[in-house]
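Take a look at the structure set out below.
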Amino acid sequence: MAETATKLPIQNETKAPAPAPFTPWAPFDALRHEIDRVFEGFAGGALRSPLARPAFNFDIAWPRDLRLTGVALAVDVAEKDKSYEITAEVPGLDVKDIEVKVANGTLTIRGEKKAEKEKHEKDYVLSERRYGAFVRSFRLPEGADADRISAAYDKGVLTVTVPKTDEARRSEKTIDVKTS
């Protein structure tokens, strides 16, 4: 029996999206962490590097929960004759956990995965929780038909199709490349 892709609704908003919550930008944290890791490797753990952080390091510059963490959703974007196609692998998510919106010329893909597992045994209780969220936004190109955007989810792959307007397809012109 062949499975068919599940169509996702596209929400078209005319109001401006809510501003993102304040998240401080800490550009040198990753660099500092990497440098510390390199020097710790040279020292072998027995000697302290002069550039290493102190043993009781309290990082009070920004609280950990406000830092920019996480990974952006990896996508493939392809331009075809009649449309643009955005493909993202999001395994393990249900259709209800994925949201695709268009507002003010911006396409936004958002999702969240929540997994909870609890196991009760005679001598112990095992409880695991995993959470992860992503959001990715794209500015729609000139000639994109925002009213006909469609999204489908099949076997862990989300495909968003952004059709080109008829005018955009007609205005394309192939230029011959000549050798000198």
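Looking only at residues in segment 135-148 that are aliphatic (A, V, I, L, M) and under 19 Å from the mean Cα position of the chain (by Cα), which one is farthest from ASP81 (Cα to Cα)? Applying the filter and picking the extreme gives VAL135.
Okay, residues lined up against (1) without any contact (Cβ under 8 Å) to a residue 40 or more places away in the chain; (2) among the hydrophobic types (A, V, I, L, M, F, W, C); (3) crowded, with 17+ Cβ neighbours inside 10 Å; (4) not in a loop (DSSP other than H, G, I, E, B):
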position	(1), (2), (3), (4)
ARG130	yes, no, no, yes
ARG136	no, no, no, yes
GLU142	yes, no, no, no
ASP147	no, no, no, yes
THR159	no, no, no, yes
PRO163	no, no, yes, yes
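The number of residues in segment 95-128 that are loosely packed, with under 15 Cβ neighbours inside 10 Å and either modelled with pLDDT under 85 or farther than 27 Å from ASP154 by Cβ (or both) comes to 17. Mind listing just one residue for me: the one in segment 95-134 that is under 19 Å from TYR84 (Cα atoms) and either among the polar types (S, T, N, Q) or not assigned by TED's automatic domain parsing to the domain that holds ALA78 (or both) and, of those, farthest from the chain's Cα centre (by Cα)? Going through the qualifying residues, I end up with ASN104.
The values are calculated or read from the model by the stated rules, or taken from the named source; none is laboratory data. Remember, it's a predicted structure, so these values are computed and weren't measured experimentally. Neighbour counts are summed over all protein chains in view; Cβ atoms, including those assigned to glycine, are modelled from backbone coordinates with ideal geometry.
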